[in-house]
Structure formats: C-alpha cells, structure tokens
Amino acid sequence: VRWVRADLTRFDETLALLGKSRPHLLFHLAALTATPVSWKHPRQTFSLNTGGSIALLEATLRFAPRARIVFISTSHVYGETFFGKRRVRESDLANPLTPYAASKLLMELAALNFLESHLLQIVVARGFNQVGTGQERNFIFSDFCRQIALMEKRRRPAVLEVGNVNLVRDFIHIQDAVRAYFFLSQKGRPGEIYNVGSGRGMSLQEG
C-alpha cells in the first residue's frame, strides 16, 4: 500500500492526486465527522465534506471517468426522521439536524447530480455508528475506552464520565463496514443509496 496525502479543499492537490493515481475503484471517506466539531467549525465542515467532495468529483470526471465510486455518507442525514421510528429505510426522508449531517446530505446530492449529468458510476453508502481500533477520542466508545485505560493506569479517578446512556444507536464494527463498502463497490447499483448497519438498535448503557 502506498499512501499519498492531499487536501481536498485545495483543488490543485486533488487534481494532482487523481491525475497521478487514475483509480479504477474509489472509496470516498474523507470528512470532518464529529458532530460537536461541526457545530464549532461549520464553515470548515461544509468546505471539506461538501466542497471537497465536489472537487473530488470534478477530478474523477477528468482523470478516471469510468471508475467505480463509493461515497461514504452517514445515517445522521435522517436526523429528525429517526424520532418515533424503530428503524429507517433508504426511502425515508432525510432531515439533517447538524452541520455535519447537512454537509453529508449535500455531498450525496452533488454525487447523484454528477451521476445524472456525467454518468459517473457512483454508489452512496449511509454508514451507521462504526466502532473499532484507532477511532478518534471524540467518539463515544473510544472515549469510554480511553477513560477506562487511564483508570487502569491510575491516572484518573475510577469514575466513568458519560452523557445520556439511554440513547439508542445502531453500532457496526469497522471490519464489517469495510466488507459492506467493498461489496457495494462490486454489486451496488449506481445511483442507489444503501444503509450500512446492523439493523439493531442498542442503548449506550447496554453497549
């Protein structure tokens, strides 16, 4: 694996990246993903999540127009639609409640617009809450694990700081999510949106 860095908010870097790599398969996961951060930095959130995605689409159209593309979105786009529902379907209304969710929905719309206008082979995957090794500390379970590790090292009191543990979320391990994303890259229908989750709600206290 050869890693190459590029800032998607800088169009020249995005063009150089696609011009050099010319991929036949592309998974787009670059984003600012933490909801609290999106409230503190909404402009940066939209700049990367929406603007950076459009830059990637333009560069892909120029250098890899036949590539299979999986755009990774989020279940957060459903927002208020979650209220009072046991589960959501891809056909349910998207009603985002945060800058992060709104920026991702606009990303989806831009991707589908490029598909309609330029026939790019794009599949959209709406990922639910993913957990696994290496996740940043500003996510729920990674923060819990960090606190517990510090307790075990006697570097903080044996008190776990939590928020509302009655919240219900759908959690999926990152390895399962990766398998799903790769499956969609091979079998997903361009222009379709797919939910990627376990299909089972779990309270934070239960988790």
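The values are calculated or read from the model by the stated rules, or taken from the named source; none is laboratory data. What you see is a predicted model, and the numbers here were worked out from it, not measured in a lab. Cβ atoms come from the backbone with ideal geometry, glycine included; neighbour counts cover every protein chain shown. In case anyone asks, the SASA skips ligands and DNA or RNA and just uses the protein heavy atoms, side chains included. Shrake-Rupley method; radii C 1.70, N 1.55, O 1.52, S 1.80 Å.
With the checklist (1) open to solvent by less than 70 Å² (accessible area, probe 1.4 Å); (2) modelled with pLDDT of 70 or more in hand, flag the one item R154 doesn't pass.
For R154, the exception is condition (1).
What are the residues in the range 95-118 that are touching a Phe, Trp or Tyr at 6+ places or on another chain (Cβ under 6 Å) and among the aliphatic types (A, V, I, L, M), if any?
Within the range 95-118, just A111 meets the criteria.
Of all residues in the range 63-111, how many are under 17 Å from A125 (Cβ atoms), of a type in the set (D, E, K, R) and either part of a helix (DSSP H, G or I) or modelled with pLDDT of 95 or more (or both)?
Of the residues in the range 63-111, 3 are under 17 Å from A125 (Cβ atoms), of a type in the set (D, E, K, R) and either part of a helix (DSSP H, G or I) or modelled with pLDDT of 95 or more (or both).
Which residues, taken from the range 157-180, are among the aliphatic types (A, V, I, L, M) and at pLDDT below 80? Lay out the reasoning, then the answer.
Initial filter on the range 157-180 (among the aliphatic types (A, V, I, L, M)): 158-160, 162, 165, 167-168, 172, 174, 177-178, 180.
Once the filter is applied, which keeps residues that are among the aliphatic types (A, V, I, L, M) and at pLDDT below 80, the range 157-180 yields A158, V159, L160, V162, V165, L167, V168.
Could you tell me which numbered condition E90 fails, if it satisfies all but one of (1) open to solvent by 60 Å² or more (accessible area, probe 1.4 Å); (2) over 20 Å from the mean Cα position of the chain (by Cα)?
E90 satisfies every listed condition except (2).
What are the pairs with Cβ atoms under 8 angstrom where one residue, in the range 109-128, is closer than 24 Å to G199 by Cβ and the other, located anywhere, is assigned to a strand (DSSP E or B) and among the basic types (K, R)? Sequence gap at least six, or different chains.
If the second residue must be assigned to a strand (DSSP E or B) and among the basic types (K, R), the pairs left are V123/R68; F128/R169.
Checking the structure you have, find out if any residue of the range 112-126 is at positive phi and either at pLDDT below 65 or among the basic types (K, R) (or both).
no
Inspect all residues belonging to the range 64-84 and state whether any of them is over 16 Å from the mean Cα position of the chain (by Cα), within 23 Å of L25 (Cα to Cα) and among the β-branched types (V, I, T). Before the answer, list the steps.
We begin by selecting, within the range 64-84, every residue over 16 Å from the mean Cα position of the chain (by Cα); these are 64-68, 80-84.
From what's left, within 23 Å of L25 (Cα to Cα): 64-68.
If we keep only those that are among the β-branched types (V, I, T) too, we end up with none.
Checked against the condition, which is being over 16 Å from the mean Cα position of the chain (by Cα), within 23 Å of L25 (Cα to Cα) and among the β-branched types (V, I, T), the range 64-84 yields no hits at all.
Could you check the range 1-61 for helices (runs of 4 or more DSSP H) lying wholly inside it with 1 or more residues that are modelled with pLDDT under 95 and open to solvent by less than 70 Å² (accessible area, probe 1.4 Å)?
On the way: elements: 11-21, 35-40, 42-46.
Correct list: 11-21, 35-40.
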